[in-house]
Amino acid sequence: MTQHGAPPKGNHLVTDAPPPDALASAQEAAQLLGFRLHPTSDWSFQAGKGNLAASVFVGAFVAYCDFGVSISTVPDGNTAVTIARNAPWWTGIIGVKRVQGKADELGNAVGQALVNRRFNVLSHARG
């Protein structure tokens, strides 16, 4: 999560899963939904779906998703999974809403993957 100001737009989950299990759950969920994964650090990755060029030309009909997924420990010792979503303004309100829907879908899938591994989702905020 960001340390200053508001958290990025997207989904924010808190779980009792240890960070390695939270990361594995997030990666598994993203892959099952057809996202391309690109590691950015030991505890984060980019999840991509769609095509930037197509979204520029076709607009709202193509959802271009470029999500930053990160795992961090929160002060109470639990683990946060943050899915920071992009907002492709050139696709208009419909395109942005589609991307928001894809971020929510990924957030829900991460939550389900955690539950499937017998961990608890303590909170799930969407923004």
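Taken together, the values in this text are just the output of simple stated rules run on the coordinates, not laboratory data. Source: prediction; values computed, not measured. All Cβ positions, glycine included, derive from the backbone under ideal geometry; neighbour counts span all protein chains shown.
Quick notes on this structure:
- For the stretch 6-50 and the stretch 98-116, distance of Cα centres in Å: 10
- The aspartates and glutamates within cross-link reach of Lys9, meaning a Cα-to-Cα straight distance under 15 Å and a gap of 8 or more places when in the same chain, are Asp66, Asp104, Glu105.
- Residue-count net charge about Leu114 - beta-carbon cut-off 14 Å; Lys, Arg +1, Asp, Glu -1: -1
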